[in-house]
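Heads up, the thing below is written out as structure tokens.
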């Protein structure tokens, strides 16, 4: 395995690694790319450290992959490492998204603008499906019992169908889920 | 302009701290704020922004750049970016330090088990809310259903699905 950089990487190589991760992540699957780069190719941490960081990144609010970059950067080089990882991960994608946005905002009423907008409607319809499909995948991997399945269903329906506010639902369901997990463990 | 920037900062800064289960969980709230409350963009705009942020590399939460850009140009995009990612990154940094020390503690295992169904519920909620918030023809609904199944049960690449969806709408929409 390519462990030539094992140990403490320089800020520059940390930044470079996350720039390439950011660009390889077309269409999602960022965590898999992060693992490949940081664990497999560079040997900066082992799988157990990575998975623990991945679990934490999902527990903390915010974009999971950005949180994971903070975790890895901080682990390897402290605050400066966390900043290098996040800026590296997002720099090029930010530029690409801004250019796409500018094209979208200026394409209205221009020739081809309607075609662009129809294509985006199709991609948007797929993107919704990607979210739902991710939910199905995660559910099959992580939900084995009725109680957690009910918690997930109540949250999905109250926000997604009934239109309740995110904060209100979390204020009720986070304590409920914690209490249920605690009760289940005591039995 | 300044007022708009403050509104952007408050909206995304708040969402940053309640985005349990990743950025997608906040999409319903983002849509409500940007389309219904502030009238910054229309519902079709929101869906187009969502599609662009999913098609581009990087985290899906980069949709906040597009909303910020529409409201207040580059400054709006910058404020939205810092507001959406800053607070959660600071939280992640301190959490990482505590996490390390709690490797075998009972509360860490309890948190992991309690938050998994919440995150999964929020993922479904975001998809359902986006369907509800968008006026669509039956072709688009069929595309969503097909993409859901394809992504859940096959190994087709998301980019292939996104391109396929665009083609279907161009031909049949």
- prompt: Taking neighbour Cβ counts within 10 Å as the exposure measure, how do A:154, A:60 sort from fewest upward?
  reply: A:154, A:60
- prompt: With chain B treated as a Gaussian network of Cα nodes joined by springs under 10 Å, which of B:60, B:76, B:146 yields the largest mean-square fluctuation?
  reply: B:146
query: Which whole-number percentage describes the relative contact order of region A:1-106, with Cα contacts under 8 Å and a sequence gap of 6 or more?
result: 33 percent
query: Shielding of B:14-23 by partners, i.e. mean partner chain Cβ atoms within 10 Å per residue?
result: 6
field: Computed lengthening from residue A:179 to residue A:150, 0.36 nm per intervening residue step minus Cα-Cα distance
entry: 9.1 nm
message: Just want the ordering: B:70, A:185, from fewest to most Cβ atoms lying within 10 Å of their own Cβ.
response: A:185, B:70
- request: Give the distance, in whole Å, between the Cα centre of region A:20-75 and the Cα centre of region A:116-187.
  value: 23 Å
- request: Counting only C-alpha contacts under 8 Å and six or more residues apart, can you give the relative contact order of region B:1-137 as a whole percent?
  value: 36 percent
query: Classify region B:53-99: rounded, prolate or oblate, from the alpha-carbon gyration tensor (a ≥ b ≥ c, eigenvalue square roots; a/c under 1.5 rounded; otherwise prolate if a/b is larger than b/c)?
result: oblate
statement: With a ≥ b ≥ c from the Cα gyration tensor eigenvalues, square-rooted, and the rule rounded for a/c under 1.5, otherwise prolate when a/b > b/c and oblate otherwise, region B:56-173 is oblate
query: In percent, what relative contact order does chain A have, based on Cα pairs under 8 Å that are 6 or more apart in sequence?
result: 17 percent
- line: Per-residue Cβ contact counts at 10 Å, fewest first, order A:87, B:35 as A:87, B:35
statement: Listed residues A:89, A:141, A:59; largest mean-square fluctuation, Gaussian network over chain A with Cα springs below 10 Å, found at A:141
query: What number, rounded to the nearest 500 deg cm²/dmol, is the helix-based mean residue ellipticity at 222 nm of chain A, given -39500 (n - 2.57) per DSSP H run of at least four residues and division by all its residues?
result: -26000 deg cm²/dmol
query: In terms of the Cα gyration tensor, with a ≥ b ≥ c the square roots of its eigenvalues, is region A:32-181 rounded because a/c is under 1.5, prolate because a/b exceeds b/c, or oblate?
result: oblate
message: Run the helix sum for chain B: -39,500 (n - 2.57) per DSSP H stretch of 4+ residues, divided by residue count, reported at 222 nm to the nearest 500 deg cm²/dmol.
response: -26000 deg cm²/dmol
task: Would you mind telling me which residue in A:116, A:164, A:18 has the biggest mean-square fluctuation in a Gaussian network model of chain A, where springs connect alpha carbons within a distance under 10 angstrom?
output: A:164
Per-residue mean of C-beta atoms belonging to partner chains within 10 Å, peptide A:140-149: 3
Alpha-carbon Debye profile of the protein assembly as shown, log10 I(q)/I(0) at 0.11, 0.13 Å⁻¹: -0.72, -1.02
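Read-outs throughout are calculated quantities, based only on the coordinates presented, and are distinct from any laboratory measurement. Please read all numbers here as calculations on a predicted model, not as lab measurements. For neighbour counting, all protein chains shown are included, and Cβ atoms are generated from backbone atoms with ideal geometry for every residue, glycine included.
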